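Here the structure is laid out as C-alpha cells; the discussion comes afterwards.
The values are calculated or read from the model by the stated rules, or taken from the named source; none is laboratory data. What you see is a predicted model, and the numbers here were worked out from it, not measured in a lab. Using ideal geometry, Cβ is built from the backbone for each residue, glycine included, and neighbour counts are taken over all protein chains shown. Areas reflect the complete protein model, heavy atoms only, side chains present, ligands, DNA and RNA absent. Shrake-Rupley method; radii C 1.70, N 1.55, O 1.52, S 1.80 Å.
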Amino acid sequence: MSMDRALKMVFYDEAKVERDIFAQLSLALKNFRGVGMPRDEGATRRILDQIHRQSRAFAAVCYGFMRTKGIGVARDQGEGQQWYREAAYWFREEAMEGEGISANNLGYLYAKGLGVPENTEIAAEWFREAAEKGSAAALYNLGVCYLNGWGVQQDAARAVDLLQQACDGDDVSAASVLAYLYLEGRGVKRDPAKSFEYNLRAARAGNVEAASALGYALGVGLGAERNVEASISWFEMAANEGDAYAQANLAMYFCHSSDLKLFNRGWTMLMQSCEQGDVSAKYQMAQILIFGVTHREADYAAALDIAMDLAELSHPGGYHLIGVMYEHGLGVPVDMVRAAGWYERAARKGSANGQAALGRLYAIGGGVRQDNVRAYYWLKLASPSPNSQAWREMETVRSRMNADEVRESDRMLQDQPAPRRGTFGLKPLPKNSFGEPRKS
C-alpha cells in the first residue's frame, strides 16, 4: 500500500469540521473529468462553491486551481499562478494579524511553490508559527516535515511528538499518519494493533486514507481479526471518494465473485483505478490476468507486460509477480534461479509477498542454496499475524533449527529490520531551493 501523503492546506466548514482544500479540489477535478468515478459537474460545482465562499484567499486558491487544471475554463498556468499569488498575499495579511490557519496555508503555498517561490525552510517556519498559535493542521504539517527532514533536520521522535499533539487536537490526518508510523515502526516501536486503533479513529472521522488502510488491515488480519465484510465496507467508503487504492482492492473482492454483475462492477472499478495511474490497481489487474477468475481467463502475455511495466517503476509487486511467473512457468519457461532473483528484489523493497516467497525458496532450496536462517528471517518479516500462511511456514522452519541458527536469525532481524516503504509525504526538495526572506 502506498503511503505517499501531502502536506495540507485547510479550512473549516459550517460544522467546524476541518477540510483539506486540495483534497477537496482534487475530488472536484475527478468529478469534472469522470476519473475514478462517474462524471458529475454538479458535484464539482458544489465543492468549488463551498471553497470559494470561505474568504478572498480561498476564492483565489479556487480560481488558481481551476485555471491550472482547466475546470470550466481554459487551462492557463500563468493566470493560475497569478491567482495563487493573490491567495498568498491575503494569507500573509491574515497571518500577520495572528490567524494561525492562514499562516499554515501560506506555508503550504511555499511548500508547493504556488504563487511564491518554492522553499522548504520558509514553509517550515510558517508551519511552526501557525502551530504556536494553536493550529492542529500546522502541527501535523510540521510533524511531516520533521519526519522527512523537509526544511528541518530530520527527527522521527520530534515528528511523532508533533503528530501526537495534532492528534490530541482532533486532527484526523495526524491519527492516520501515526497509524502508518506504528505499522512501519518509524520513530516508535512497531505495533500493528495500535496502528489499527489510530486508523479506526481517523476513518470514523471521515479520513479517506485511513478508511482505505482499515480495509487492507481487516482483509489480511493486520492488527485486528480478519473480517472480509468489514474490509469491504471500509474500502467502499474510500472508493466512493475516488481513492484509487481502495477501488483497486475492492475490485479484487468483486472480480473473484461468481456473480457476473459483481464481477463487471469490480472490473469497471479496476479500470477506473488504472486510469488514475494507480500502481496497486495495475498490480491487481496483473494478478487476475496471471491466475484468471470465473469471468476472465488468464492472459499471461498481457500480465507479463503489466508486471514488467511495474518493475520498470521499481514497484515491488511487479517484481513479485514476475517471480511467480518464472517459478510456475506461466507464459515463460520455469526458471527457479530467476524466480528467486525477482523475489529477492521484491523482498528488499518491502513486499510481504516477495519476502514470503523468498523465505519459502530458502526453506526448500529452490533456486537458492537451502538456508534455514535466511528462510526464517524472510518469513518472519513477511508474517503479519500468527494466523498467516507465512507465520505457519516460519514456525515449521524454526522447528528444525538448532540454537545457533535461531540466535543468528534473531541477530539478522535486529540488525536488518523490515525494509521501509520510503519517505512519507512530499519528497525533500534540493537544499538550494530559493525563496523570499521571511518577514516578521
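Are there GluC sites (Glu not before Pro) in the range 10-54 that DSSP puts in a loop and that have at most 13 other Cβ atoms within 10 Å, and which ones? Numbers along the way, then the final one.
Numbers: sites: GLU14, GLU18, GLU41; in loops: GLU14.
In loop regions of the range 10-54 (DSSP not H, G, I, E or B), the sparsely surrounded GluC sites (Glu not before Pro) are GLU14.
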Check: Between [x] 92, 63, 35; [y] 69, 50, 39; [z] 70, 53, 45, which matches Cα extents along the principal axes in Å calculated for the structure shown?
Finding: [y]
Next item on the list: On a 0 to 90° scale, report how tilted helix 56-69 is relative to the longest principal axis of the chain, with both axes built from alpha carbons and the result rounded to the nearest 10.
Entry: 50
Check: Tell me, how many Å apart are the Cα centres for the range 168-220 and for the range 356-397?
Finding: 28
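For the chain, what relative contact order do you get, as a whole percent, if you take Cα pairs closer than 8 Å and at least 6 residues apart?
On the way: 794 pairs, mean separation 46.5, N = 440.
Here the relative contact order equals 11 percent.
Could you compute the net charge surrounding VAL10? Neighbours are other residues with a C-beta less than 11 Å from the C-beta of VAL10; K and R count +1, D and E count -1.
Details: positive: LYS8, ARG19; negative: ASP13, GLU18, ASP20, ASP171.
So the environment of VAL10 carries a net charge of -2.
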Item checked: Dipole of the range 155-217, positive end: most advanced residue of GLY185, GLN165, TYR198 [Cβ charges, Cα centre] -> GLY185
Notebook entry, point to check: Once Lys and Arg get +1 and Asp and Glu get -1 on their Cβ, which of LEU106, GLY72, VAL10 lies farthest toward the positive end of the dipole of the range 1-111?
Noted result: GLY72
Next item on the list: Quick one: angle between helix 260-275 and the longest Cα principal axis of the chain, in degrees between 0 and 90, rounded to 10, please.
Entry: 60
Margin query: If you fit an axis through the alpha-carbon atoms of helix 244-255 and take the longest principal axis of the Cα set of the chain, what angle between them do you get, 0 to 90°, nearest 10?
Written below: 40
Margin query: Can you order the peptides 135-141, 350-356 by their average number of other Cβ atoms within 10 Å per residue, highest first?
Written below: 135-141, 350-356
Check: Given +1 on the Cβ of Lys and Arg, -1 on the Cβ of Asp and Glu, and no further charges, what dipole in debye does the range 128-189 carry about its Cα centre, rounded to the nearest 20?
Finding: 160
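Taking a ≥ b ≥ c as the square roots of the Cα gyration tensor eigenvalues, with a/c under 1.5 meaning rounded and otherwise prolate when a/b beats b/c, else oblate, which class fits the range 343-404?
Numbers: a/c = 1.91, a/b = 1.13, b/c = 1.69.
It comes out oblate by the Cα gyration axes.
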Margin query: Name the residue from SER399, TRP234, LEU381 whose Cα lies farthest towards the positive end of the charge dipole of the chain, charges +1 on Cβ of Lys and Arg and -1 on Cβ of Asp and Glu.
Written below: SER399
Next item on the list: Can you list which of the trypsin sites (Lys or Arg not before Pro) found in the range 306-374 are DSSP loop residues with at most 13 other C-beta atoms within 10 Å?
Entry: ARG369
Note to self: Could you report the range 14-100's accessible area per residue, 1.4 Å probe, as an integer in Å²?
What the structure shows: 52
Next item on the list: Kindly identify the range 164-312 as rounded, prolate or oblate by the Cα gyration tensor criterion: order the square roots of the eigenvalues as a ≥ b ≥ c, call it rounded if a/c is under 1.5, otherwise compare a/b with b/c, prolate if a/b is larger, else oblate.
Entry: prolate
Check: For the chain, with only Lys/Arg (+1) and Asp/Glu (-1) charged at the beta-carbon, what is the dipole magnitude about the Cα centre, in debye rounded to 20?
Finding: 420
Check: Carbon and sulfur: what percent of the chain's accessible surface (1.4 Å probe)?
Finding: 48
